[in-house]
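Coordinate-derived values only; no laboratory data. Predicted model, so just to flag it, every value in this text is computed and none were measured. Methodologically, a virtual Cβ is constructed for each residue, glycine included, from the backbone with ideal geometry; neighbour enumeration extends over all protein chains shown.
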Amino acid sequence: MNLKEKKLFLLDIDGTVSIGDKFIDGAIDFLKYISSVGKYIFITNNSTKGTHDYIEKFSKMGLKTDASNFITAVNASIKYLKKNYCGKKIFVCGTKSFLTELEKNGINFTEKFETDISAVLIAFDSELSYGKIYNACRILSETKADYIATNPDLACPAPFGFIPDCGSICSMISAAVKKEPLFIGKPSVLMADMCLEATGYSKDETIIVGDRLYTDILIGVNAKIDTAAVLTGETDINEISASDYKPTYVFRSVKEFYEKLTVE
C-alpha cells in the first residue's frame, strides 16, 4: 500500500516525536496531517507515566490529545496482568504514576517482600531505589514468582543523550538472580493488536513509526505491519544497515516523513 494510503499511524514518543518536554522539529505538522487523513496512537514503552500524565504533558507542550491517542506499556501491562494474574499478588518496581494506574485497575500489588507473590514486575522506574532492587532480587531468589517486565529498552532519550531504561534495570537484576524476564511491551505485538482492535483499521492501512530497531521496528516485523525508522533517537543508518530486521522506510526525522506525505 502506498504511504499516502496509510490511515493509522502508531507512533513511538521518546526520540521519535519528542525529546524531554520539546517536540522534534516538524512533529506538530506531522500530527496535524495524520489527523486530517486518519488517526495517530502513541505506542510507547515508557511506563513512568499513565495516559492522564501524557495528556497533561502534551497539553503543556501545545498538543491536545485524549485517551484514545495512547496505548502505552502501562495499558499493555494492565491487560496482561488481568489476563494472567487476576487477583494474584504482584511485586512491582515502578513510579508512583505507574502504581496509581495499577491501583485504578484493581491490580493486587505490593512494594514489599512477601512470600505469596505470583510475579515480579519491573517497569521503567525513574524513582528507582536500591531497596526496590533488593526486594525484587530476594523475591526472585526465595520464591517461585515469575519474572516479567514492561519493556526491553536499554536506554531512553534525554535532552543530553540517554538514561537507563527498563531493560538496563532488568539486566542488573538478571545478573544477580540468573533469570531473564518476559517483556510485555514492544516488540511484543500486544500493543499493536490493541490499537487495531480499538480503531478497526487493517494492518495494510497501518504504519509503525519509531527510532529503535529492537522495539519499534521489530514489533512491526512481528505483527506484519509496515514500519518507518527515524534517525532522531537511538538508531543510526549504520545500525539499520547491519540489522537483521529492516524498516520498510527510513527518514531522517518525522519532518522528512511529513514532507514525503505532502509532496504532490
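Structure above, values below:
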{"read-out": "Charge dipole (debye, nearest 20) of segment 74-183; +1 at Cβ of Lys and Arg, -1 at Cβ of Asp and Glu", "value": "320"}
{"read-out": "Segment 18-43 residues near the modelled residue 259 label - backbone nitrogen below 13 Å, point 7 Å along Cα→Cβ", "value": "25-27"}
{"read-out": "Of 6/32; 6/96; 39/88; 89/179; 4/203; 64/88, pairs whose Cα-Cα distance is over 26 Å", "value": "6/96; 39/88; 64/88"}
{"read-out": "Cα-based Rg / Dmax (Å) for the chain", "value": "18.3, 64"}
{"read-out": "For segment 124-189 versus segment 1-28, the gap between their alpha-carbon centres in whole angstrom", "value": "27"}
{"read-out": "Where trypsin sites (Lys or Arg not before Pro) fall in DSSP loop in segment 1-92, at most 11 other Cβ within 10 Å", "value": "64"}
{"read-out": "Student exercise, the chain dipole from Lys, Arg, Asp, Glu Cβ charges, in Debye to nearest 20", "value": "580"}
{"read-out": "Listed residues 43, 71, 117, most fluctuating in the chain (Gaussian network, C-alpha, under 10 Å)", "value": "117"}
{"read-out": "Extension reserve of the residue 2-residue 182 stretch, reckoned as 0.36 nm per residue once the Cα distance is removed", "value": "61.3 nm"}
{"read-out": "Mean separation of Cα contacts under 8 Å (6+ apart) over length of the chain, as relative contact order %", "value": "21"}
{"read-out": "Using θ = phi - 60° and Karplus 6.51 cos²θ - 1.76 cosθ + 1.60, couplings along segment 208-213 (whole Hz; Gly, Pro as x)", "value": "9, 10, x, 10, 10, 5"}
{"read-out": "Sorted by Cβ neighbour density within 10 Å, fewest at the top, the residues 243, 188, 202", "value": "202, 243, 188"}
{"read-out": "In nm, spacing of pseudo-spin labels at residue 160 and residue 202 (7 Å Cα→C-beta vector)", "value": "5.0"}
{"read-out": "nm² value of the averaged projected area, convex hull over the Cα atoms of segment 32-138", "value": "7.5"}
{"read-out": "Neighbour-count order for 18, 129, fewest beta carbons within 10 angstrom listed first", "value": "129, 18"}
{"read-out": "Segment 74-183, relative contact order in percent, only Cα pairs under 8 angstrom and at least six apart counted", "value": "23"}
{"read-out": "Estimated 222 nm signal from helices in the chain, with DSSP H stretches of n ≥ 4 weighted -39500 (n - 2.57), rounded to 500", "value": "-11000 deg cm²/dmol"}
{"read-out": "Sites residue 112 and residue 244 - FRET efficiency at Förster radius 51 Å, r taken between beta-carbons, to 0.05", "value": "0.75"}
{"read-out": "Ranked list, fewest to most other Cβ atoms within 10 Å of each Cβ, for 261, 99, 31", "value": "261, 99, 31"}
{"read-out": "Dipole of segment 74-183, positive end: most advanced residue of 143, 120, 95 [Cβ charges, Cα centre]", "value": "143"}
{"read-out": "R0 of 22 Å, Cβ-Cβ distance residue 35-residue 224: FRET efficiency to nearest 0.05", "value": "0.30"}
